[in-house]
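The values are calculated or read from the model by the stated rules, or taken from the named source; none is laboratory data. No experiment lies behind these values; they were computed from the predicted model shown. Cβ: placed from backbone, ideal geometry, glycine included. Neighbour counts: every protein chain shown. Note: accessible area is taken over every heavy atom of the protein model, side chains too, but ligands, DNA and RNA are not part of it. Shrake-Rupley method; radii C 1.70, N 1.55, O 1.52, S 1.80 Å.
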Amino acid sequence: MKIIIKTILIFSLSLVYIASSAQNKLISLDKLINKTDPAWPLVKKWIDSAKNKVEVLPVDSAKAKDVLYNSQMTTYATLGSVIYNTGGIMIDNGWIRILGSGSERLTRDIAEWNKGKTIKEYGDNIPYLLIADDAVGGFFAINYGGLGKDIKNVYYLEPNSLTWQPLGAGYGEFLVFCFDSDLSKFYKGLRWSTWNQFIANLDGTKTYSFRPYLWEEGTDIEKCTRKLVGIEEMYRFNIMKSKELNGDKGIKKDESKQ
């Protein structure tokens, strides 16, 4: 009887190991690098014709390969091309920070930034992928099922409501939005009159926090006091507070503590 129980236990543990290994099996780097039809030339064309100020941060090729592998993105896709060819992209002097493979000015890379927030280990199924953030504590993410039914569309975690708002656009369209749209219109009520005097030297690991909070009723950003806080601290606070304020109304549960 003991032998049977031991055999069943070993078999069960083997199944768990096999399932875990299958889930975390990563695609090789060679298969992720598309040499015949990469998306970067198209993205570069968008950048060259951009209406807004766009700064492509320098890339470390060795680091870019590591991040591409960890994120499991192909360079055939626009997201993979940004990871592989940039250290990140700054919009409007750094008001929006689009994550790439990391650089001196934007030290966070997209794979490491998501680990411990949306995934535990590289290769895990991902509910959403954090792809960019801004100077007022807003976060952009690609939905992979954790934010709604519109898979691969981009959402924005609004700092003035702390709800995930669908933008009705995929990642490529999100880039075009950053490059060409009227950002002052999108950020109406979230930009104070002298914002552009404070952004140029803003550390990519920092964001502004406001008092009263932007999500409090009747808040006027012109009358708020503001201070710089760590972007990590801001993300975790916003996720926690969004649950308190909004319950299950489209707010993704934080998987990092499960």
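Could you pull out which residues in segment 68-87 have an amide N less than 15 Å from a spot 7 Å beyond the Cα of T36, following the Cα-Cβ vector? So the set is 75-77.
Near the amide H of Q165, within less than 5 Å, lie the amide hydrogens of Y156, L157, E158, all on another chain or at least 5 residues away, with H placed in the peptide plane.
Place a label point 7 angstrom from the Cα of K45 along the Cα-to-Cβ direction, then list the residues of segment 86-113 whose backbone nitrogen is under 20 Å away. Zone members listed by number: 86.
Peptides 35-47, 175-187 ranked from most to least packed by the mean count of surrounding Cβ atoms within 10 Å: 175-187, 35-47. In order along segment 58-72, the phi-based Karplus estimate (6.51 cos²θ - 1.76 cosθ + 1.60, θ = phi - 60°) of 3J(HN,Hα) comes to x, 10, 9, 4, 5, 5, 4, 5, 4, 5, 4, 5, 5, 7, 6 Hz; Gly and Pro are listed as x.
Per residue, the accessible area of the chain comes to 53 Å² when a 1.4 Å probe rolls over the protein heavy atoms. Rounded to 0.05, the FRET efficiency of the L26 and K63 pair, given R0 = 25 Å and the Cβ-Cβ distance, is 0.90. For the pair E121 and N246, the difference between a 0.36 nm per residue extended length and the Cα-Cα distance amounts to 42.2 nm. Ordered by solvent-accessible area of protein heavy atoms (1.4 Å probe), largest first, the residues K31, K115 come out as K31, K115.
When peptides 94-101, 50-57, 191-198 are sorted by average Cβ neighbour count within 10 Å, with the highest value leading, the order is 94-101, 50-57, 191-198.
Considering only Y213, V67, C224, and ranking their Cα positions along the charge dipole of the chain that arises from unit charges at the beta-carbon of Lys, Arg, Asp and Glu, the one farthest toward the positive end is V67. For the set K53/K243; K51/K241; K120/K206; K63/K149, the pairs lying more than 31 angstrom apart at their alpha carbons are K53/K243; K51/K241; K63/K149.
Full extension of the chain between E104 and E233 gives 44.4 nm of extra length, using 0.36 nm per residue less the Cα-Cα distance. Computed over the Cα atoms of the chain, the ratio of the radius of gyration to the Kirkwood radius (Rg/Rh) comes to 1.03. The charge dipole of the chain, taken about its Cα centre with unit charges on the Cβ atoms of Lys, Arg (+1), Asp and Glu (-1) only, comes to about 580 debye. Helical content of the chain, expressed as a calculated mean residue ellipticity at 222 nm, amounts to -10500 deg cm²/dmol (DSSP H runs of 4 or more residues, -39,500 (n - 2.57) each, divided by residue number, nearest 500). Each residue, F186 and K206, gets one label point 7 Å from its Cα in the Cβ direction; the gap between the two is 2.4 nm.
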